[in-house]
Amino acid sequence: QVQLVESGGGLVQPGGSLRLSCATSGSIFSFANMGWYRQAPGKERELVSAISSGGSTNYADSARGRFTISRDNAKNTVYLQMNSLKPEDTAVYYCRHYYTGSISDYWGQGTQVTVSS
C-alpha cells in the first residue's frame, strides 16, 4: 500500500517562504508521477504543480514563477518550494501519487499552509 506523508506547512507572513515535503513508501517512486494540490475553505481542490516520473514539470498560473517542484528519487520524496507567499496561497496542501495509464491514485493527509501577517 502506497503511503504519503506531507510536512513543512505552517504559518508564514506574506512574502515569506516554505518548503513542503512529501515522503512516500510502498511504491516504485521513480516510476510515479507526483503532484501538489491545494484546497482553500469553500473552494474545490486545485492543482498547484506536478512532476512526471521523467522530471517534466507543470505549474498552475498562480504558482508559476514563485513555486518550484522537485523530486529526490533516492529519498522517495517530492518537494514544493514556495516563495513570495501571498494570503491567497492559504490552503491545505495535498500530495498526490499516480502512475500514467493506471487507476492507482494515492493522496496524503494534507498539510496546512497559512499566509497571514
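The values are calculated or read from the model by the stated rules, or taken from the named source; none is laboratory data. In this text, all values refer to a predicted model and were calculated from it rather than measured experimentally. All Cβ positions, even for glycine, are placed from backbone atoms using ideal geometry, and neighbour counts span all protein chains on display. Areas reflect the complete protein model, heavy atoms only, side chains present, ligands, DNA and RNA absent. Shrake-Rupley method; radii C 1.70, N 1.55, O 1.52, S 1.80 Å.
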Residue in the range 21-61 that is least open to solvent (accessible area, probe 1.4 Å), counting only those that are hydroxyl-bearing (Ser, Thr, Tyr) and more than 14 Å from the chain's Cα centre (by Cα): Ser27
Qualifying residue in the range 73-81 (condition: over 19 Å from Leu4 (Cα atoms) and either assigned to a strand (DSSP E or B) or aliphatic (A, V, I, L, M) (or both)): no
Meets criteria (under 16 Å from Cys22 (Cα atoms) and either open to solvent by 20 Å² or more (accessible area, probe 1.4 Å) or among the charged types (D, E, K, R) (or both)) for Asp105: yes
Verdict on Thr68 being open to solvent by 50 Å² or more (accessible area, probe 1.4 Å), under 13 Å from Leu18 (Cα atoms) and without any contact (Cβ under 8 Å) to a residue 24 or more places away in the chain: yes
Scan of the range 82-91 for residues that are touching a residue at least 60 places away in the same chain (Cβ under 8 Å) and not in a loop (DSSP other than H, G, I, E, B), ordered by number: Met82, Pro87
Cross-chain or 6+ apart pairs with Cβ under 8 Å, the range 5-17 first and surrounded by 14 or more Cβ atoms within 10 Å (Cβ to Cβ), then basic (Lys, Arg): Gly8/Arg19
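Please determine whether any residue of the range 20-39 is modelled with pLDDT of 95 or more, farther than 15 Å from Arg71 by Cβ and of a type in the set (A, V, I, L, M, F, W, C).
So the first thing to find is which residues in the range 20-39 are modelled with pLDDT of 95 or more, and the list is 20-24, 33-39.
Retained after the next criterion (residues that are farther than 15 Å from Arg71 by Cβ): 37-39.
Then drop every residue that is not of a type in the set (A, V, I, L, M, F, W, C), which leaves none.
The answer is no, given that none of the residues of the range 20-39 is modelled with pLDDT of 95 or more, farther than 15 Å from Arg71 by Cβ and of a type in the set (A, V, I, L, M, F, W, C).
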